[in-house]
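K.L.:
My questions will all concern the structure given below.
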Amino acid sequence: MDRLKQIEAFVLAATRGSLTAAAQAEGLAPAVIGRRIDALEARLATKLLLRTTRRLNLTPEGAAFLEDCQRLLADFEDAEAQVSAGSVQAQGHVRVTAPAGFGRRHVAPLVPQFLAQHPGLSLSLNLSDRIVDIVNEGYDCAVRVGDLADSSLISMRLADNRRLCVAAPSYLARAGTPQHPEELLRHACLVLSSEASQSRGWAFSVGGQVQHLRPSGRLDCSDGQVLHDWCVQGLGLAWRSTWEVAADVRAGRLQAVLEDFAAPPNGIYALVPQRKLLPLRVRLWIDFLKQHYALPSYWLRGEDPSPESHS
């Protein structure tokens, strides 16, 4: 129990910025919090906090230890919640990361409903198109779209991710409609230049085999939103996910081509660090996403794509 109190004191002091604030949260004297942190540092033989008269600052070792301690305390709360008087209410904080475009459309809008269902939880959402190291950066869950690289992370498929080759009717009227993927080499193609996406090219099923083409054009960009806008403006063909262009196709702003050559879908995944027991708060979040993404009506709902960002 002394170890747990020491860790709780360290986390409170580090996150609140002072011994006084940590003591107020616990209803204790600042000296008690200070003694617990001193004991923790002595036991670990490592300096975790640098104390000044105004503020506490984490050492590099303290910053790394803080993330582990926060996960440990959250897991402890989950374990208690699962066995206490039949209670299943999760407590704690969930740290989630997702691609920027997909996250804005299909993760962030779901967060308020998730928190409403679980009032004991809080959630941080990081939206980034870089590949976040969820283990070393302390995330509980990453939502990823597309083919997954080999890793030690545990992946759970949430939904299929189908890709479409699309263009504005104005472009097709001007340049013609391609009838075979090889014809893309003679078309203006809008290519995502990000190293993290479409690195193998555009995928099509030709003769029962998946083939990857690397079309080119006068325009490329690392931002999927820009490619989307250019495509709607009639500047060329783009290869995009149905979750970002389905509303445009339904509204007639874009038209799908080469559908007879569509490659099998890849996936939308939840990734978690490899560990034996998944915390309750994380399991509830993943189950919540699965329930929504499994509904065909979810993907068919109306959207206004203009303010969104894509990846």
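The values are calculated or read from the model by the stated rules, or taken from the named source; none is laboratory data. Keep in mind that this is a model prediction, so the values were computed, not measured. We place every Cβ from the backbone using ideal geometry, glycine too, and count neighbours over all the protein chains shown.
K.L.:
Considering only residues that are touching a Leu at 6+ places or on another chain (Cβ under 7 Å) and among the polar types (S, T, N, Q), which ones fall in region 126-181?
P.N.:
SER155
K.L.:
Here's another thing I want to ask about it. Please pick out the residue among VAL245, VAL226, VAL249 that is surrounded by 14 or more Cβ atoms within 10 Å (Cβ to Cβ), over 26 Å from SER128 (Cα atoms) and out of contact with any Pro (no Cβ under 7 Å at 6 or more places or on another chain).
P.N.:
Going through VAL245, VAL226, VAL249 in turn, just one is surrounded by 14 or more Cβ atoms within 10 Å (Cβ to Cβ), over 26 Å from SER128 (Cα atoms) and out of contact with any Pro (no Cβ under 7 Å at 6 or more places or on another chain): VAL249.
K.L.:
So, one more: Determine, yes or no, whether GLY176 is at pLDDT 90 or above, more than 13 Å from ALA238 (Cβ to Cβ) and either of a type outside the set (Asp, Glu) or assigned by TED's automatic domain parsing to the domain that holds PRO296 (or both).
P.N.:
yes
K.L.:
Search region 13-39 for residues that are within 20 Å of ARG3 (Cβ to Cβ) and pair each with any residue that is of a type in the set (Phe, Trp, Tyr) and surrounded by 15 or more Cβ atoms within 10 Å (Cβ to Cβ) when their beta-carbon atoms are under 8 Å apart and the residues are at least 6 apart or on different chains.
P.N.:
ARG36/PHE10; ILE37/PHE10
K.L.:
List the pairs whose first member sits in region 113-125 and is free of Cβ contacts under 8 Å to residues at least 12 places away in the same chain, whose second member is aliphatic (A, V, I, L, M), and whose Cβ atoms are under 7 Å apart, counting only residues at least 6 apart or on separate chains?
P.N.:
These pairs meet every condition: LEU115/LEU121; LEU115/LEU123.
K.L.:
Can you pull out the helices (runs of 4 or more DSSP H) entirely within region 219-311 that have at least 2 residues that are at pLDDT 90 or above?
P.N.:
Filter on region 219-311 gives 224-232, 242-251, 280-293.
K.L.:
Still on this structure, please answer the following. Report, by residue number, each residue of region 48-65 that is surrounded by fewer than 12 Cβ atoms within 10 Å (Cβ to Cβ) and under 34 Å from the mean Cα position of the chain (by Cα).
P.N.:
LEU50, ARG55, PRO60 - these are the residues of region 48-65 that are surrounded by fewer than 12 Cβ atoms within 10 Å (Cβ to Cβ) and under 34 Å from the mean Cα position of the chain (by Cα).
K.L.:
Something else: Restricting to region 115-139, what's the tally of residues that are modelled with pLDDT under 90, surrounded by 15 or more Cβ atoms within 10 Å (Cβ to Cβ) and touching a helix residue (DSSP H, G or I) at 6+ places or on another chain (Cβ under 7 Å)?
P.N.:
2
K.L.:
Give ALA159, ALA142, ALA149 a once-over and let me know the one that is among the hydrophobic types (A, V, I, L, M, F, W, C) and modelled with pLDDT of 90 or more.
P.N.:
Unique residue meeting the criteria: ALA142.
Residues are listed down the side, and each one gets a yes or a no for (1) modelled with pLDDT of 85 or more; (2) under 28 Å from the mean Cα position of the chain (by Cα):
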position: ALA21; (1), (2): no, no
position: PRO30; (1), (2): yes, no
position: GLU67; (1), (2): no, yes
position: SER87; (1), (2): no, no
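K.L.:
List pairs: first residue in region 232-252 and closer than 13 Å to LEU219 by Cα and not assigned by TED's automatic domain parsing to the domain that holds GLY146, second residue assigned to a helix (DSSP H, G or I) and polar (S, T, N, Q) anywhere in the structure, Cβ distance under 6 angstrom, at least six positions apart or on different chains.
P.N.:
Matching pairs, first to second residue: GLY234/SER170.
K.L.:
Using the structure shown, decide if LEU185 is of a type outside the set (S, T, N, Q), touching a residue at least 40 places away in the same chain (Cβ under 8 Å) and not in a loop (DSSP other than H, G, I, E, B).
P.N.:
The answer is no for LEU185.
K.L.:
Here are the criteria: (1) in contact (Cβ under 8 Å) with a residue 12 or more places away in the chain; (2) surrounded by fewer than 17 Cβ atoms within 10 Å (Cβ to Cβ). Tell me which single one ASP287 does not satisfy.
P.N.:
(1)
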